[in-house]
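Here, each number is a calculation from the coordinates, and none is a lab measurement. The structure displayed is predicted, hence computed values, not measured ones. Every residue, glycine as well, gets a Cβ built from its backbone with ideal geometry; the counts of neighbours run over all protein chains shown.
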Amino acid sequence: SISINTSSTFTVAQSVSPDRDYLWLDRVNAQPMPLKVGSNVLRVSYAGSDVERAALVDAFMLVPRVLTRLFNGPDGKSLTLHYEMSSGELMWNDQ
């Protein structure tokens with residue numbers, strides 16, 4: 001189970017690779033989660049009842065809902081790209 005800032009707890013079904021040759025990322029929540037500016041607390045715990053099957057967590061990846069990248073040209077003009085992760089929409093502003 002996973003909680004951020006003691007908010008709602010999400011339970012993720014355990015996916016197992018018997019030989020650990022293949023690892024994957026499981027999406028925790030279908031909708032973007034708002035986070036406060038500054039420090040946020042991420043808590044992970046085993047939600048099952050069989051201690052012998054406790055999960056091993058190799059990594060977490062927090063991804064912003066909108067990725068933004070600013071490109072500056074040699075002529076002083078700039079281009080800002082915005083990629084919306086959920087919809088796949090790409091937007092840009094040029095100046």
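Starting from the 7 Å offset along Cα-to-Cβ, what nm value, one decimal, do you get for the label separation of Met85 and Asn29?
In this crude label model, Met85 to Asn29 measures out at 1.1 nm.
Kindly write out, for the range 35-42 in residue order, the coupling ³J(HN,Hα) from the Karplus curve 6.51 cos²θ - 1.76 cosθ + 1.60 (θ = phi - 60°), rounded to whole Hz, with x marking Gly and Pro.
Coupling constants for the range 35-42: 10, 6, 5, x, 6, 10, 9, 10 Hz.
Given contacts defined as C-alpha pairs under 8 Å and at least six residues apart, what's the relative contact order of the chain, whole-number percent?
So the answer I get is 20 percent.
Computed FRET efficiency, Cβ-Cβ of Val41 and Asp94, R0 35 Å: what is it to the nearest 0.05?
Numbers: r = 39 Å, r/R0 = 1.11.
It comes out at approximately 0.35.
Which order do the peptides 21-30, 39-48 come out in when sorted by mean C-beta neighbours inside 10 angstrom, highest first? Please list the in-between numbers first.
On the way: 21-30: 9.0, 39-48: 11.5.
The packing order, highest mean first, is 39-48, 21-30.
Need one word for the range 55-95: rounded, prolate or oblate. Basis is the Cα gyration tensor (sqrt eigenvalues a ≥ b ≥ c); a/c below 1.5 gives rounded, then a/b vs b/c decides. Intermediate results must be reported in sequence, preceding the final value.
Working: a/c = 6.51, a/b = 2.34, b/c = 2.78.
Cα axes put the range 55-95 in the oblate bin.
Cα atoms only, the chain: Rg and Dmax in Å?
Considering the chain through its Cα atoms, Rg and Dmax are 18.7, 63 Å.
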